[in-house]
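A short reminder: the numbers here are calculations on the coordinates, not readings from a lab. What you are looking at is a predicted structure, and each value in this text was computed from that prediction instead of being measured. Cβ placement follows ideal geometry from the backbone for every residue including glycine, while neighbour counts extend to all protein chains displayed.
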Number of protein chains: 2
Amino acid sequence: MHGLPSAPPSSVDIREVGPRDGFQNEPETIATADKVALIDRLARTGVRRIEVTSFVRPDVVPQLADAREVLKAIDVPAGVSRSVLVPNMRGLESALALRDRFEEVGVFLSASETHNGRNVNRTTDESLRELDAVIARARDEGLRVEAVIATSFGCPYEGVVDRHRVLTIARRLTDAGAGEIGFGDTTGMANPVQVYEHFKVAAAALGDGVQLTAHFHNTRGQGLANVLAAMQAGCTSYESSFGELGGCPVPAGATGNIASEDLVSMLHEMGVHTAINLPALIDAAAAARAVLGRPLGSHTLVAGPVDWKGRR
Amino acid sequence: MHGLPSAPPSSVDIREVGPRDGFQNEPETIATADKVALIDRLARTGVRRIEVTSFVRPDVVPQLADAREVLKAIDVPAGVSRSVLVPNMRGLESALALRDRFEEVGVFLSASETHNGRNVNRTTDESLRELDAVIARARDEGLRVEAVIATSFGCPYEGVVDRHRVLTIARRLTDAGAGEIGFGDTTGMANPVQVYEHFKVAAAALGDGVQLTAHFHNTRGQGLANVLAAMQAGCTSYESSFGELGGCPVPAGATGNIASEDLVSMLHEMGVHTAINLPALIDAAAAARAVLGRPLGSHTLVAGPVDWKGRR
């Protein structure tokens, strides 16, 4: 007997989002040099994609006010794709002043009207109209674009988010030129049954030409169970954050992304390949813990990799 | 489309093991009155089975030296089954002095020879011979017996533990009269592929007359993913610990059981019934946190239940 009832993929892609999704939620200021050192370290773990920062208003997200300095200073090996998140055209234009320093752009909105309003002070229609232009501009610059749909699996203000609405937004974004759709479980409301159904339906609705990515938070400890369900539905692309850093600006208290170390440990133990060296990733998370000066949520950071004593 | 490729069960049984597996691993002494109050609170969450203490040598496990006092003092509603863990005949005889205060007995050994030696200072054969007698004596007293096989999914000293060996031990224990076998992932080495295969094979090998129980630790954050895999293999019985308390005496630093709150949250969100009231369980974990005076690993304890705003 081999594998689960629906076999997991032989390999998956992982985008490390800790330097953006994680750092922006830290209560204390992180020195730019520390961010750069951590990103440079992450870039040498074998991970192929890193979201390195976000070009947002410094009064709204002061932790990422040094986006330009970070982008200029990081030293990432060839083959590691740097992505920056931009909330709007102004953010994209700021980023484009350093066009040669990154390969991918991330844009986002929330499927939930209320969450989108609280997060970016716009209606979803307003966001979509702006993103049409942002995506087109990024594509003109030769950039690959991921569009993240926050609250895809539930909204802390509205509750249920209609799946048809999420997929309609996704289609609009792919029509605009996004090559990747990230479905964000922004406040950790997703469960494995829902996730499995979602990725089955999304793959059928959006077709083969679009990369579908799962962005889970471990708010209620179910993040890796959701990964398992998504893999069984055929999803091969995941976002995670070293140390289990992260959260969401709204509502306050929403906890972190799934921990990259825990994700990679599970995948490797299951025989699913990533390009990542787990001990190196754990070292990077330990370095983040040292910089932040507090315990982090990651379990494998504490326990270390499984030790099979060379017998496997 | 409904459900996972292999549908989860409509309901599962949960045994709360925090008062034993959790309390025994706490570094600070917990007052007997606090233990009793926490158990009494747990017993009113709807959970049907609680492992309340263990009759072990007080010099080895000082945290449970008050086993008699706890067992005498707790006040558990009708329908809640109290179990006590005993390591050997001496422990069982001590427990039997309070025979009317519990309904179930737990016994244990490790599938790994090395782990068994370090944990109970016996060979597995020595343990099995003693457990034959212990199980027989407990059955004579009308008690139901669960036998837990620690390190069923891997050993921190030996690495791989042969599945055939685990199942041979399980068969020996059911032949001796154990009505339930708990497969313990004592140091969190299990992964979902392995777990799925294990429970498929175990169900076929051990037959319908035996309750098969999964006892996962969240050492590397994969505990609930392992639950999901076990459910897909047909497992309907789980052990967990409120607050993510727990660990293992050997090796030092092995972290806690899966959190009961996180487990129940996931199950209820998936539409899998338990008898447990999640807010009441979270309140119990919060009470434990107040007694212990430190943050606990449980995520749902921090985040609270998913709030669908009455829309589901």
| Using a label position 7 Å from Cα in the Cα→Cβ direction, what is the ascending list of nm distances from residue A:205 to the same site in the other copies? | 4.4
| field | Under the Karplus curve 6.51 cos²θ - 1.76 cosθ + 1.60, θ = phi - 60°, whole-Hz ³J(HN,Hα) for region B:192-204, x wherever Gly or Pro sits | value | x, 5, 4, 5, 4, 4, 4, 6, 4, 5, 5, 4, 5
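Explain nothing, just the number: relative contact order of region A:1-159, from Cα pairs under 8 Å at least 6 residues apart, as a whole percent. Let's see the in-between values first.
Details: 226 pairs, mean separation 29.5, N = 159.
About 19 percent, as a whole number.
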| remark: Of all DSSP beta bridges with both partners in the protein assembly as shown, the antiparallel percent, nearest 5, is 5
| query | Given H placed 1.01 Å from N in the peptide plane, which residues other than close sequence neighbours of residue B:150 have an amide H under 5 Å from its amide H? | reply | B:109, B:110, B:111, B:184
| query | So what is the diffusion coefficient of the protein assembly as shown in µm² per second by Stokes-Einstein at 4 °C and 1.567 mPa s, using a Kirkwood Rh over Cα pairs? | reply | 52
| query | For region A:216-298, what does the alpha-carbon gyration tensor say about shape, rounded, prolate or oblate, given a ≥ b ≥ c as the root eigenvalues, a/c under 1.5 as rounded, and a/b over b/c as prolate? | reply | oblate
| remark: One finds the C-alpha centres of region A:176-192 and region B:127-147 to be spaced, in Å, by 51
| Estimated FRET transfer efficiency (residue A:81, residue A:139; beta-carbon r; R0 25 Å; 0.05) | 0.95
| message | Show me, for region B:82-94, the HN-Hα J-couplings you get by feeding each phi into the Karplus relation (A = 6.51, B = -1.76, C = 1.60, θ = phi - 60°), rounded to Hz, glycine and proline as x. | response | 9, 10, 10, 8, 10, x, 6, 5, 4, x, 4, 4, 4
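Looking at region B:13-303, what % of the alpha carbon pairs are farther apart than 26 Å? Mind showing how you got there, number by number?
Details: 15536 of 42195 pairs.
Tail of P(r) above 26 Å: 37 percent of Cα pairs.
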| request: Looking at region A:15-166, send over the antiparallel percent of its DSSP beta bridges, to the nearest 5. | output: 5
| said: Output wanted: per-residue J couplings in Hz (rounded whole) for region A:275-287, from phi through Karplus 6.51 cos²θ - 1.76 cosθ + 1.60, θ = phi - 60°, x for Gly and Pro. | reply: 8, 9, 8, 5, x, 5, 5, 4, 4, 5, 5, 5, 5
| task | Have a look at A:167, A:10, A:55 and report the one farthest towards the positive end of the charge dipole of chain A, computed about the Cα centre with Cβ charges (Lys/Arg +1, Asp/Glu -1). | result | A:10
| field | Label point 7 Å beyond Cα along the C-beta direction, distances from residue B:280 to other copies (nm, shortest first) | value | 5.2
| query | Between region A:1-46 and region A:258-312, what is the C-alpha centre distance in whole Å? | reply | 10
| field | 5 angstrom amide H check on residue B:298, placed H, neighbours 5+ away | value | B:244
| Residues with amide H under 5 Å from that of residue B:54, placed H, sequence gap 5 or more | B:85
| task | Find the relative contact order for region B:13-303 and round it to a whole percent, using C-alpha pairs within less than 8 Å whose residues are 6+ positions apart. | result | 19
| Considering only DSSP beta bridges whose two residues both sit in chain A, what percent are antiparallel, to the nearest 5? | 5
| task | Would you compute, from DSSP H runs of 4+ residues alone, the mean residue ellipticity of chain A at 222 nm, taking -39500 (n - 2.57) per run and dividing by the full residue count, rounded to the nearest 500? | result | -11500 deg cm²/dmol
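Assign one of three labels to region A:77-177, namely rounded, prolate or oblate, based on the Cα gyration tensor with a ≥ b ≥ c the square roots of its eigenvalues; rounded applies when a/c is under 1.5, prolate when it is not and a/b is larger than b/c, and oblate otherwise.
Values: a/c = 2.05, a/b = 1.93, b/c = 1.06.
The shape class here is prolate.
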